[in-house]
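Have a look at the structure below, then the notes.
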Amino acid sequence: MPGQSSDTKFDTIVVGGGPGGYVTAIRAAQLGMKTAVVEKAHLGGICLNWGCIPTKALLRTAEVYHLMERAEEFGLSVKDISFDLKKVVERSRKVAGQLSGGVGFLMKKHKVTVIDGHAKLAGKGKLSVEKDGKKVGDFTATNIILATGARARTLPGLEPDGKLIWTYREAMVPDVMPKSLLVVGSGAIGIEFASFYRTLGADVTVVEVMDRVLPVEDAEISDFAAKAFKKQGMKLMTSATVKSLKPGKNNVTATVEAGGKSTDITVDRVIMAVGITGNVEDIGLDKTKVKTDRGHVVIDEWGATGEPGVYAIGDLTGPPWLAHKASHEGIICIEKIAGVNDVHPLDTSRIPGCTYCSPQVASVGLTEAKAKEQGHEVKVGRFPFIGNGKAIALGEPEGLVKTVFDAKTGELLGAHMVGAEVTELIQGYGIAKTLETTEAELMHTVFPHPTLSEMMHESVLDAYGKVIHI
């Protein structure tokens, strides 16, 4: 970590150096504030070190491996395809390490003091910091911004042991490739790991308590993805609950209840991916007016808590649990504190969500069902990957782009995609929502050919009976 200053008085101290915390600190420094970040582990937080970034490195390996398996389709010849698990994990860790070092460089560049330790609120405008049980020092600031993030949620009786029953953390650095795997939870984290291990040859079963996998996504996209997962050989158990996990010597027997019947499934490893809960403990909240609700800190639209001078951002404050939400929330918080004129509260309907499984899934705004629930009369457009030249040329003809509009105003209410590279495409609709775009502007936009993005245009056209290529 960067060297620690002997200074103890700051304008702003951010507790936590993840994508919410370090971005907030940089913006605070840009706004002329004397700023510090307290981080007890690694700059970049869970996202950069144990989450978003290293998992994408793993998934890229799986993607390349899968393409090698398909070499003949592309007129290529590849023999004796194999992988070295140790090197796969090493590459992932190297990527994370490089980026963590980059955050350290940014702290130095912006003259942000990095305090190595665990911080607790210790009175008005005060923080006490310890490291390995030893006092580092007391620090004061006009503004204290809590960005302590979240951790994997555990279920009673189904607690991970780090050996046979994993959280995302152990799943990221496996010492052996399990021949069989049970993934509990089919949100983004669960499905990404299911996708990685299945692609590399593991027999994967996914258990989801809701009636479909990727339950927060539009039902049509979720169904499309589920069919693709099943085609890959993944077993999906929906409306199902894991009642117990019994570890053996080198395997786990899970009792799964679905449709009133219990089934025992024995696998090499289990990954628990049943959501996350905020790190609200042991940060000194008990002697403040900060309120918590179901493991998360309660804030107003600017990140302010019930305690004057104390703010909170990111996963600590609840869903959506996304790195880009945390970063944006932090900037809104610090700009409001600084009195920036054009700061606006965060509109969560404009936050894209991405799942980097195979096929990828991405969305922004309302699902078709939610739009109807909210009283909108809707126009819905769809365009399949099979109708797109670039998708066929890439060898990725399976996918769907779906758009949802308000029938009366033409407002883009939501966009939902499944298929190759949709996590890169979704930002186009994100910009459209921020600009409060209607179908007319999207129709008048010229999309380049040949690209996957043309499907975004065609989906809009389809909603209004003008689609060209189907």
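Quick look at the numbers
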quantity: Qualifying residue in segment 339-350 (condition: closer than 30 Å to Ala463 by Cα, touching a His at 6+ places or on another chain (Cβ under 9 Å) and in contact (Cβ under 8 Å) with a residue 24 or more places away in the chain); calculated: yes
quantity: Any hit, segment 98-120, residues being out of contact with any Phe, Trp or Tyr (no Cβ under 7 Å at 6 or more places or on another chain), surrounded by 13 or more Cβ atoms within 10 Å (Cβ to Cβ) and under 28 Å from Gly201 (Cβ atoms); calculated: no
quantity: Selected residue (criterion: surrounded by the most Cβ atoms within 10 Å (Cβ to Cβ)) from residues of segment 271-306 that are on the phi > 0 side of the Ramachandran plot and at pLDDT 95 or above; calculated: Gly303
quantity: Residue check, Thr61 in a helix (DSSP H, G or I), of a type in the set (S, T, N, Q) and in contact with a Gly (Cβ under 7 Å, 6 or more places away or on another chain); calculated: no
quantity: 1 or more residues without any contact (Cβ under 8 Å) to a residue 40 or more places away in the chain and not hydrophobic (A, V, I, L, M, F, W, C): qualifying strands (runs of 3 or more DSSP E) within segment 354-420; calculated: 400-406
quantity: Residue tally, condition of a type in the set (Ser, Thr, Tyr), touching a strand residue (DSSP E or B) at 6+ places or on another chain (Cβ under 9 Å) and outside any loop (DSSP other than H, G, I, E, B), over segment 146-204; calculated: 4
quantity: Subset of segment 100-125 [assigned to a helix (DSSP H, G or I), in contact (Cβ under 8 Å) with a residue 12 or more places away in the chain and farther than 14 Å from Gly44 by Cβ]; calculated: Lys108
quantity: Filter result for Tyr22 (crowded, with 23+ Cβ neighbours inside 10 Å and part of a helix (DSSP H, G or I)); calculated: yes
quantity: Residue in segment 249-259 that is surrounded by fewer than 16 Cβ atoms within 10 Å (Cβ to Cβ), assigned to a loop (DSSP other than H, G, I, E, B) and of a type in the set (Lys, Arg) present; calculated: yes
quantity: Positions within segment 227-238 being assigned to a helix (DSSP H, G or I) and surrounded by fewer than 21 Cβ atoms within 10 Å (Cβ to Cβ), in sequence order; calculated: Lys227, Ala228, Lys230, Lys231
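The values are calculated or read from the model by the stated rules, or taken from the named source; none is laboratory data. Everything numeric in this text was worked out from a predicted model, so none of it was measured. Every residue, glycine among them, receives a Cβ derived from its backbone with ideal geometry; neighbour counts consider all protein chains shown.
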